[in-house]
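Visitor: Shown below is the structure under consideration.
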Amino acid sequence: MSVLPNAKTPITRCELKSLYTQAMLGKFSDVAALNGLASKLADATNGLLAREQAYEQKVKELIVIRVEVKFTDRLADQLVRLALKRAELEDGRPGGRIVTALFPGGSTPIIKPVGGTQIKEMRALEGRYTEVAAIYPAGSAELDKITAVRYRYEQALEARKLGVEATAQARAARNLAKEEFLDVFAEVANRIKAAFPRDKQTQDLFFLKDKTDDGLDAGDDEETEDNTSAGSAGSEG
């Protein structure tokens, strides 16, 4: 049964274990060997929680950024399809001169890719619009729209790239803070054991045990009382 937190212990559980140990240390303020341990553990815990909060914030921000990428990709696809239809109207028939010049492979080669590949295809489309300007003056309005959404797409992709990097950095900082927290907790535990040598019962007072299969905290007074009551009831029957 685990007592000290480890690398796999969830942050929320690390906090609870730390609070428990800090509170119990406060009950032994008369033991000089334990002085300052609660504050040291509190500092490490607060540092971990701050890093975890920062990481969670970056994750939330990245969600919003990813929505912008998905939505802008949809806008770009719709705009390219619409541009193709308008070019067909200008030609007066499918597969006409303007459509063939602007969309030699149809819209699929432009809208099927995503991300940087689609940006490349849209830039090429912009170039073709410039080339047909003389025979398709009305296309300048389409070109402006395509350029605007392509720029928005580029901005969204760049924001996602930066967001992924920032999230990774925040996660690394959180992981480092957790390692530091675990080191401090181990040091506190060793100091407690040294203060009460060969007294495991007192040592155990300082540590919150992990939950058992029934969801109860092993060793809690409530569980002990429940078991005692149940046993008494059974003996009376």
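Visitor: Condition first: open to solvent by less than 60 Å² (accessible area, probe 1.4 Å), of a type in the set (Gly, Ala, Ser) and part of a loop (DSSP other than H, G, I, E, B). Now tell me which residues in segment 88-132 satisfy that.
Guide: Result: 95, 96, 105, 107, 115.
Visitor: Could you check residue 167 against (1) over 30 Å from residue 80 (Cα atoms); (2) open to solvent by 40 Å² or more (accessible area, probe 1.4 Å) and say which number it fails?
Guide: Condition (2) is where residue 167 drops out.
Visitor: Report, by residue number, each residue of segment 168-205 that is more than 21 Å from residue 10 (Cα to Cα) and either touching a Phe, Trp or Tyr at 6+ places or on another chain (Cβ under 7 Å) or not in a helix (DSSP H, G or I) (or both).
Guide: 192, 196, 197, 198, 199, 202, 203
Visitor: Follow-up question, since we're still on this one. Taking residue 41 as the residue in question, decide whether it is in contact with a Ser or Thr (Cβ under 6 Å, 6 or more places away or on another chain), within 30 Å of residue 166 (Cβ to Cβ) and surrounded by 13 or more Cβ atoms within 10 Å (Cβ to Cβ). Don't jump to the end; show me each part of the working.
Guide: On the way: in contact with a Ser or Thr (Cβ under 6 Å, 6 or more places away or on another chain): yes; within 30 Å of residue 166 (Cβ to Cβ): yes; surrounded by 13 or more Cβ atoms within 10 Å (Cβ to Cβ): yes.
Against the criterion (in contact with a Ser or Thr (Cβ under 6 Å, 6 or more places away or on another chain), within 30 Å of residue 166 (Cβ to Cβ) and surrounded by 13 or more Cβ atoms within 10 Å (Cβ to Cβ)), residue 41 qualifies.
Visitor: Test residue 214 against the criterion of being open to solvent by 40 Å² or more (accessible area, probe 1.4 Å), modelled with pLDDT under 95 and more than 36 Å from the chain's Cα centre (by Cα), and give yes or no.
Guide: Answer is no for this residue.
Visitor: Filter segment 3-30 down to the residues that are in a loop (DSSP other than H, G, I, E, B) and hydroxyl-bearing (Ser, Thr, Tyr), then identify the one that is least open to solvent (accessible area, probe 1.4 Å).
Guide: 9
Visitor: While we're on this one: Yes or no: residue 179 open to solvent by 90 Å² or more (accessible area, probe 1.4 Å) and under 21 Å from residue 57 (Cα atoms)?
Guide: Working: open to solvent by 90 Å² or more (accessible area, probe 1.4 Å): yes; under 21 Å from residue 57 (Cα atoms): yes.
Here the answer is yes, as residue 179 does meet what is asked.
Visitor: Quick check, is residue 146 more than 20 Å from residue 62 (Cβ to Cβ), open to solvent by 60 Å² or more (accessible area, probe 1.4 Å) and in contact (Cβ under 8 Å) with a residue 24 or more places away in the chain?
Guide: The answer is no for residue 146.
Visitor: Sort through 159, 138 and tell me the only one that's open to solvent by 30 Å² or more (accessible area, probe 1.4 Å), modelled with pLDDT under 95 and in contact with an Asp or Glu (Cβ under 8 Å, 6 or more places away or on another chain).
Guide: 138
Visitor: Scanning for something more than 30 Å from residue 166 (Cα to Cα) and either open to solvent by less than 40 Å² (accessible area, probe 1.4 Å) or assigned to a helix (DSSP H, G or I) (or both), does segment 57-78 turn up at least one residue?
Guide: Yes, some residue in segment 57-78 is more than 30 Å from residue 166 (Cα to Cα) and either open to solvent by less than 40 Å² (accessible area, probe 1.4 Å) or assigned to a helix (DSSP H, G or I) (or both).
Visitor: Which residue pairs have Cβ atoms closer than 8 Å, lie 6 or more positions apart in sequence or on different chains, and pair a first residue in segment 162-178 that is in contact (Cβ under 8 Å) with a residue 12 or more places away in the chain and closer than 19 Å to residue 42 by Cβ with a second residue that is of a type in the set (Ser, Thr, Tyr) and in a helix (DSSP H, G or I)?
Guide: 174/55
Visitor: Quick one: in segment 31-53, which of the residues that are outside any helix (DSSP H, G or I) and without any contact (Cβ under 8 Å) to a residue 60 or more places away in the chain is nearest to residue 182 (Cα to Cα)?
Guide: Looking only at segment 31-53, we keep the residues that are outside any helix (DSSP H, G or I), and these are 31, 35-36.
Still in the list and also without any contact (Cβ under 8 Å) to a residue 60 or more places away in the chain: 35-36.
Values: 35: 19, 36: 17 Å.
Looking at the filtered set, the residue picked out is 36.
The values are calculated or read from the model by the stated rules, or taken from the named source; none is laboratory data. As the structure is a computational prediction, the values presented were derived from the model and not from experiment. With ideal geometry, Cβ positions are generated from the backbone for all residues, glycine too; neighbour counts draw on all protein chains shown. The area values use the complete protein model at the heavy-atom level, side chains included, leaving out ligands, DNA and RNA. Shrake-Rupley method; radii C 1.70, N 1.55, O 1.52, S 1.80 Å.
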